Amino acid sequence: MSQPVDHASNQKQADEIRQNVRESYSQVAEASNNSSSCGTESSCCGVSDDAAINTLVSTRLGYSEDDLDKVPEGADMGLGCGNPSAIASIKPGETILDLGSGGGFDCFLAAAETGESGLVIGIDMTPTMISKARNNAEKGKYNHVEFRLGEIEHMPVANDSVDVIISNCVINLSPDKNQVFCEAFRVLKPGGRLAISDVVASTELPDEIRKDLALYSGCMAGASLISELQNILEESGFDRISIAPKDESKDFIKDWAPGRGVEEYVLSATIEAVKPGGCNGGNCC
């Protein structure tokens, strides 16, 4: 006989995770603003006051030095686990949505691709990050980029209004990934697409990693199995799903939590999918 689901306990745990993540990335933004460090410079949630170190971290993730030169100073904080813009095939005039936009780095790169006839929207649940991104947008005179405070499980975006969703090492931080992808399906136009870099689990995570809040905020403990993500995307209504792990990412993931062996369980991957002409059965969201 199956055990009853304790919804109250699950909600309490989800709220605890969100609060921990929000506090951690508030510290990241404040450390970046103050040119100090909140962790190891090679960490997913680490910030260095050395621009050369942040450049090294970002080029390891797949960005070019030309990419880094395009954005306002302070937008690149060396965060992420890949380069979603490299797989997004962004076209002029498109509307782009960045989930967990941080200081605006990927939004500004996308803005160069859309041109001023397009629109780029960044969502982040951390007020300090939103303020930082808006200041960066003002410095760079990005009139077609805007930043909205909100949770990626409840996106402040209209139905069927987005051409491409990008995200860089953020969805793993959500305790309700089903809801995230359901919302993604809702806001995408028919034919709209996902172009995501994220951390995935190559095998089941041990409890000592899964329950470690520091590793959760560090983009490791919340990683889902590839098969789980495939099922979530299918159930949300997506088509043409591709999840491509990158074995070489283990080299930098090992640096995120030295001595913990996390690189044996998680790695970076690109996640792509397309919203077909209509919702499967009309009830995916």
Among the residues of segment 133-154, which ones are in a loop (DSSP other than H, G, I, E, B), touching a helix residue (DSSP H, G or I) at 6+ places or on another chain (Cβ under 8 Å) and closer than 17 Å to G104 by Cα? Y142, H144, I152
Inspect all residues belonging to segment 207-218 and state whether any of them is touching a residue at least 40 places away in the same chain (Cβ under 8 Å) and under 30 Å from K91 (Cα atoms). no
Do any residues in segment 57-78 that are touching a residue at least 24 places away in the same chain (Cβ under 8 Å) and within 22 Å of S249 (Cα to Cα) have Cβ atoms under 7 Å from those of residues that are aromatic (F, W, Y) and in a helix (DSSP H, G or I), where the two are at least six apart or on different chains, and which pairs are they? R60/F252; D76/F105
Residue ID - surrounded by the fewest Cβ atoms within 10 Å (Cβ to Cβ), chosen from residues in segment 92-125 that are more than 13 Å from the chain's Cα centre (by Cα) and in contact (Cβ under 8 Å) with a residue 40 or more places away in the chain: A112
Taking segment 156-197 as the region of interest, how many residues are more than 18 Å from F238 (Cα to Cα) and in contact with an Asp or Glu (Cβ under 9 Å, 6 or more places away or on another chain)? 7
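Residues checked against (1) out of contact with any strand residue (DSSP E or B) (no Cβ under 9 Å at 6 or more places or on another chain); (2) aliphatic (A, V, I, L, M):
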site: I87; (1), (2): no, yes
site: E94; (1), (2): no, no
site: E116; (1), (2): yes, no
site: R148; (1), (2): no, no
site: I152; (1), (2): no, yes
site: N168; (1), (2): no, no
site: F181; (1), (2): no, no
Can you tell which of P190, P206, P175 is crowded, with 18+ Cβ neighbours inside 10 Å and not aliphatic (A, V, I, L, M)? P175
Odd one out for T55, checked against (1) closer than 24 Å to D247 by Cα; (2) modelled with pLDDT of 75 or more: (2)
Just checking, which of D198, D163 is of a type outside the set (V, I, T), assigned to a strand (DSSP E or B) and surrounded by 21 or more Cβ atoms within 10 Å (Cβ to Cβ)? D198
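The values are calculated or read from the model by the stated rules, or taken from the named source; none is laboratory data. Because the structure is a prediction, the values reported are computed rather than measured. Note that we place each Cβ from the backbone using ideal geometry, even for glycine, and neighbour counts take in every protein chain shown.
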